[in-house]
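Take a look at the structure set out below.
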Amino acid sequence: MTRLCLIPAYNTAALVAKVVRAAKPFCDHIVVVDDGSSDGTLESATSAGASVIRLGQNRGKGAALRAGLEDVKARTSHVIVMLDADGEHDPRDIPALCHPIETGVCEYTTGTRAVSRSRLALAGTGLEPYVADWFGVDTPDPTSGFRAFSNQVVSEMALFSQGFGIDVELSVRAALSCHRGRAVPIRNSASPKAIEFDAPMLLDFFATVLRLLEENELPASSRVKEYAQALENRAPVVTLHEHNEVSLFRDPTRDVYRISSEPTAI
């Protein structure tokens with residue numbers, strides 16, 4: 001089987017070449033989608049040996065991945081690996097993600113990061129119980145950007161997300177499909193600092209979840225709609241009430257939300 005690595009990139013000139021070179025020993029083809037970068041990302045990725053799709057303007061991670069997937073349809077790759085360009089993921093984990101697909105164990109895999117449950121961060125396993133509750137399916141590490149699919153699985157997906165919501169959309173659509181999935185532990189170089197998100201990024205996530213819930217006529221849509229509206233209005237605190245109570249506290253000086261299981265503000 002052939003492997004193709006798809007890497008969405010935006011202003012990552014200082015990192016993308018290293019990521020491409022590290023992934024090359026494990027993939028037959030590497031395609032970088034330059035999402036309208038202005039810092040030389042295209043040149044950096046090309047010099048490292050990747051094929052590059054250039055978008056004329058910044059459209060978001062989801063749009064970049066969708067453009068890449070359209071290009072992939074014309075190729076004969078059997079396994080498609082999705083990998084971020086910021087260096088968070090270790091390409092040495094690519095074989096572990098691909099092997100279950102290549103041996104017929106499953107049709108897609110998700111790279112699962114180790115996240116402390118005591119922090120209940122809105123990343124990795126911290127969001128897992130919420131998405132599982134909203135959709136009634138198992139979605140390990142639903143915001144992971146490191147995953148692999150058989151070509152058949154991605155060709156069946158009608159994706160809509162333009163931004164960072166694409167990760168949860170991929171997770172949910174795969175979990176709701178008839179295809180088999182598997183969680184694969186991966187290395188993760190993300191900083192152990194408190195987890196925080198830009199408010200627009202967080203809103204994009206909840207808007208994506210809401211659209212998927214409404215599309216599948218699931219009852220959790222009313223709750224998630226309240227969360228999305230609160231974020232759009234930049235509420236100082238947004239509390240998720242399912243499972244262990246988790247709150248999102250806004251820092252108005254930087255328009256970010258910090259995730260905490262403690263009933264205190266930033």
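Could you list, in sequence order, all residues of the stretch 128-142 that are out of contact with any Ser or Thr (no Cβ under 8 Å at 6 or more places or on another chain) and assigned to a loop (DSSP other than H, G, I, E, B)? Even if it seems obvious, please write down each step before you answer.
Taking the stretch 128-142 first, the residues out of contact with any Ser or Thr (no Cβ under 8 Å at 6 or more places or on another chain) are 129-130, 133-138.
Within the stretch 128-142, GLY136, VAL137, ASP138 qualify.
Got a sec? Which of PHE164, PHE205 is touching a helix residue (DSSP H, G or I) at 6+ places or on another chain (Cβ under 9 Å) and in a helix (DSSP H, G or I)? Give the derivation first.
Numbers: PHE164 fails: in a helix (DSSP H, G or I).
Exactly one residue qualifies, and that residue is PHE205.
For GLU70, state whether it is surrounded by fewer than 20 Cβ atoms within 10 Å (Cβ to Cβ), farther than 21 Å from VAL172 by Cα and either touching a residue at least 12 places away in the same chain (Cβ under 8 Å) or in the same structural domain as PHE26 (by TED's automatic domain parsing) (or both).
Working: surrounded by fewer than 20 Cβ atoms within 10 Å (Cβ to Cβ): yes; farther than 21 Å from VAL172 by Cα: no; either touching a residue at least 12 places away in the same chain (Cβ under 8 Å) or in the same structural domain as PHE26 (by TED's automatic domain parsing) (or both): yes.
It is false that GLU70 is surrounded by fewer than 20 Cβ atoms within 10 Å (Cβ to Cβ), farther than 21 Å from VAL172 by Cα and either touching a residue at least 12 places away in the same chain (Cβ under 8 Å) or in the same structural domain as PHE26 (by TED's automatic domain parsing) (or both).
Residues that are among the acidic types (Asp, Glu) and over 17 Å from VAL184 (Cβ atoms): list the helices (runs of 4 or more DSSP H) wholly contained in the stretch 1-102 that include at least 2 such residues.
Values: elements: 13-23, 41-47, 61-72, 94-102.
So the answer is 61-72.
With the condition kept exactly as written, say whether any residue in the stretch 132-153 is within 13 Å of the chain's Cα centre (by Cα) and modelled with pLDDT under 85. Explain how you work it out, then say what you get.
First pass over the stretch 132-153, keeping only residues within 13 Å of the chain's Cα centre (by Cα): 139-148.
Among the residues that remain, those that are also modelled with pLDDT under 85 are: 139-140.
Yes, there is a match, as at least one residue in the stretch 132-153 is within 13 Å of the chain's Cα centre (by Cα) and modelled with pLDDT under 85.
Taking into account only those residues within the stretch 167-190 that are among the hydrophobic types (A, V, I, L, M, F, W, C) and part of a loop (DSSP other than H, G, I, E, B), which is surrounded by the fewest Cβ atoms within 10 Å (Cβ to Cβ)?
Narrowing the stretch 167-190 to residues among the hydrophobic types (A, V, I, L, M, F, W, C): 168, 170, 172, 174-176, 178, 183-184, 186, 190.
Keeping just the survivors that are part of a loop (DSSP other than H, G, I, E, B) gives 178, 186, 190.
Details: CYS178: 6, ILE186: 23, ALA190: 15.
Filtering first and then ranking leaves CYS178.
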Based on what the data block shows, is GLY62 at positive phi, at pLDDT 95 or above and of a type outside the set (Ser, Thr, Tyr)?
no
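The values are calculated or read from the model by the stated rules, or taken from the named source; none is laboratory data. As the structure is a computational prediction, the values presented were derived from the model and not from experiment. Backbone-built Cβ (ideal geometry, glycine too); neighbour counts: all protein chains shown.
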